[in-house]
1. Out of (1) touching a strand residue (DSSP E or B) at 6+ places or on another chain (Cβ under 7 Å); (2) within 20 Å of residue 179 (Cβ to Cβ), what's the single condition that is false for residue 102?
2. Please determine whether any residue of region 184-204 is surrounded by 15 or more Cβ atoms within 10 Å (Cβ to Cβ) and in a helix (DSSP H, G or I).
3. What residue, among those in region 130-150 that are near the ligand (Cβ under 10 Å from one of its atoms) and under 12 Å from residue 7 (Cα atoms), is surrounded by the fewest Cβ atoms within 10 Å (Cβ to Cβ)?
4. What helices (runs of 4 or more DSSP H) lie completely within region 1-105 and have 3 or more residues being within 15 Å of the ligand (Cβ to nearest atom) and surrounded by 22 or more Cβ atoms within 10 Å (Cβ to Cβ)?
5. Checking residue 176 against (1) more than 17 Å from the chain's Cα centre (by Cα); (2) over 25 Å from residue 26 (Cβ atoms): exactly one of these is not met. Which one?
6. Collect the residues in region 172-183 that are farther than 21 Å from residue 147 by Cβ and either surrounded by 14 or more Cβ atoms within 10 Å (Cβ to Cβ) or free of Cβ contacts under 8 Å to residues at least 40 places away in the same chain (or both), keeping them in residue-number order.
7. For residue 149, work out the one condition from (1) in contact with a helix residue (DSSP H, G or I) (Cβ under 7 Å, 6 or more places away or on another chain); (2) closer than 13 Å to residue 198 by Cβ; (3) part of a helix (DSSP H, G or I) it doesn't fulfil.
8. Only one of these is within 12 Å of the ligand (Cβ to nearest atom) and not in a helix (DSSP H, G or I): 123, 176. Name it.
Ligand code: CDP
């Protein structure tokens with residue numbers, strides 16, 4: 001049997017990773033958080049005091065970085081990354097790193113390599129439209145910015161971060177704008193993707209609507 005590829009795209013905080021993780025477990029396939037890759041490069045740049053607006057410097061860092069996924073964990077230069085890539089500082093800078101074409105080429109290579117070796121569900125912005133245009137299933141999750149902001153707020157508060165709701169909604173709206181308007185592989189719904197509006201829906205309801213569309 002060929003590898004199964006499921007693409008889950010959508011704007012920031014639409015619940016993609018929560019849903020994709022559950023589906024991966026249910027179907028016993030791998031989960032790839034492609035946003036974590038762009039966050040990892042951003043984190044490394046910030047750690048090295050690189051000016052994110054200096055594309056050449058960011059590209060140099062990306063070229064000298066090894067990103068890997070094992071057991072649903074992301075590794076940056078062989079070191080596992082956890083919460084350090086979820087900070088507001090990383091969130092505020094990641095879209096400017098992710099808009100750089102050369103950085104995307106490098107990340108997409110890793111994503112395609114993993115996706116051709118195993119059955120996977122990937123969440124991101126350009127999975128159905130660019131990385132795996134022939135994916136078996138494509139979903140596009142959306143929700144209002146307020147709902148997305150609230151969810152992210154609760155998630156961060158539960159993890160012990162001191163965050164401000166307005167700051168979070170602001171970050172989400174700003175990232176969506178940069179992600180949607182970048183020149184190369186922007187955030188866009190693939191023509192053949194199934195759109196699911198998750199506003200007002202709980203996690204189980206969204207998982208059920210996704211699963212009901214998958215025949216394996
Ligand atoms: O979890 P959240 O929705 O906040 O974002 P994420 O999936 O962790 O992605 C962080 C950022 O990485 C996005 O805002 C995009 O700038 C970038 N990204 C991308 O450009 N392409 C992807 N396939 C995934 C993420």
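A short reminder: the numbers here are calculations on the coordinates, not readings from a lab. Keep in mind that this is a model prediction, so the values were computed, not measured. Note: ideal-geometry Cβ built from the backbone for every residue, glycine included; neighbour counts use all protein chains shown.
1. In the conditions (1) touching a strand residue (DSSP E or B) at 6+ places or on another chain (Cβ under 7 Å); (2) within 20 Å of residue 179 (Cβ to Cβ), residue 102 misses (1) alone.
2. No; the residues of region 184-204 include none that is surrounded by 15 or more Cβ atoms within 10 Å (Cβ to Cβ) and in a helix (DSSP H, G or I).
3. So the first thing to find is which residues in region 130-150 are near the ligand (Cβ under 10 Å from one of its atoms), and the list is 130-131, 141, 148.
Now restrict to residues that are under 12 Å from residue 7 (Cα atoms): 130-131, 141.
Numbers: 130: 19, 131: 24, 141: 28.
Checked region 130-150; the qualifying residue surrounded by the fewest Cβ atoms within 10 Å (Cβ to Cβ) is 130.
4. Values: elements: 16-27, 34-47, 55-63, 88-98.
Passing ranges, in order: 16-27, 34-47, 88-98.
5. (1)
6. First pass over region 172-183, keeping only residues farther than 21 Å from residue 147 by Cβ: 181-183.
Matches in region 172-183: 181, 182.
7. The number of the failed condition is (2).
8. Checking each option against the conditions leaves just 123.
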